[in-house]
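Notes follow the structure.
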Amino acid sequence: MMAAALCAAGAAAAQTTDNASFDLRIRGISAGSLVFSGVQEGAGYAVNGKLQSGGLVGMLKRVRYDAQAQGRISKGRYVPSSYSEAADTGKRQSQAVMGYRSGVPQVTQYQPAQKPRSYDVDPSTQGGTVDPLTALYATLRDVDAGQECNRSLQIFDGRRRTELVLGAPQATGAGVSCAGVFRRVAGYSADDMAEKTRFPFTLSYAPIEGGRMRVVEVATDTLYGRATLTRR
């Protein structure tokens, strides 16, 4: 479906695909998986992804995130055109659909509906942001050697704004690593902000064929302790 959508746009350009599967562990315990599949053809991209709990942690706490996004890439900048998600964090269940007009997100659906809150974010002020799945795709997809790390993304999911920043690459043998931070910015309650606002993480890349680099591990702080995503 993604490939058909891109071809329908009339782009007669080389196609790049990214299919990735990661195992999630929290405090060394099997906790679930993350998979995504993306297609870039010319400047257009389309991606779908799924995060779900599993293993021992999945028996105790259910977490699931399913999403799809499309857009284009202009001079290395990701510009989404549509996004949809169904999420269950264990604390919160939600569904969201967004379109974009001149780079500004248009929230066409967000459930459950809520009464206005003092910390709500106005979508009309979120021009230049990307959706969460586009941010994941931009961060974890294969890249040409020398294009690792050094990225900053402002993210809006329909209610909350976050920020992802990756620092400069550091050589680690044949690979590369970089330190980053994921930060809550706005749209969170005072209790959520008091709980934690910064989540440091590290990306580890390894070389693959064609002079490309691939993320093989993500190590990060979470609300539940140290977690790792390891590429299968």
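The values are calculated or read from the model by the stated rules, or taken from the named source; none is laboratory data. Quantities reported herein were computed from a predicted structural model and do not represent experimental measurements. Please note: Cβ atoms are built from the backbone with ideal geometry, for glycine as well, and neighbour counts cover all protein chains shown. Surface accessibility is based on the protein's heavy atoms, side chains included, excluding ligands, DNA and RNA. Shrake-Rupley method; radii C 1.70, N 1.55, O 1.52, S 1.80 Å.
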Inspect segment 27-43 for any residue being open to solvent by 30 Å² or more (accessible area, probe 1.4 Å), touching a residue at least 40 places away in the same chain (Cβ under 8 Å), under 19 Å from ARG231 (Cβ atoms) and polar (S, T, N, Q) and give the result as yes or no.
no
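Given the criterion touching a strand residue (DSSP E or B) at 6+ places or on another chain (Cβ under 6 Å), within 21 Å of ILE155 (Cα to Cα) and open to solvent by less than 30 Å² (accessible area, probe 1.4 Å), identify the matching residue among GLY49, GLY54. Spell out the reasoning first.
Working: GLY54 fails: within 21 Å of ILE155 (Cα to Cα).
Just a single option satisfies the conditions, and that option is GLY49.
Okay, residues lined up against (1) among the charged types (D, E, K, R); (2) under 16 Å from the mean Cα position of the chain (by Cα):
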position	(1), (2)
GLY38	no, yes
GLY44	no, no
LYS50	yes, yes
GLY55	no, no
Among the strands (runs of 3 or more DSSP E) contained in segment 162-212, which hold 1 or more residues that are of a type in the set (A, V, I, L, M, F, W, C) and closer than 21 Å to LEU229 by Cβ?
175-186, 198-208
Within segment 112-151, of all residues that are over 15 Å from GLY71 (Cβ atoms) and aliphatic (A, V, I, L, M), the one farthest from the chain's Cα centre (by Cα) is ALA113
Do you know which residues across segment 177-199 are closer than 26 Å to PRO112 by Cβ, surrounded by fewer than 17 Cβ atoms within 10 Å (Cβ to Cβ) and without any contact (Cβ under 8 Å) to a residue 60 or more places away in the chain?
ARG183, VAL185, ASP191, ASP192, MET193, ALA194, GLU195, LYS196, THR197
Among ALA96, ALA174, ALA168, the single one that is touching a residue at least 40 places away in the same chain (Cβ under 8 Å) and aliphatic (A, V, I, L, M) is ALA96
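Out of all the residues in segment 47-61, which are outside any strand (DSSP E or B) and among the small types (Gly, Ala, Ser)?
GLY54, GLY55, GLY58
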Assess whether ALA174 counts as being at pLDDT below 95 and open to solvent by 50 Å² or more (accessible area, probe 1.4 Å).
yes
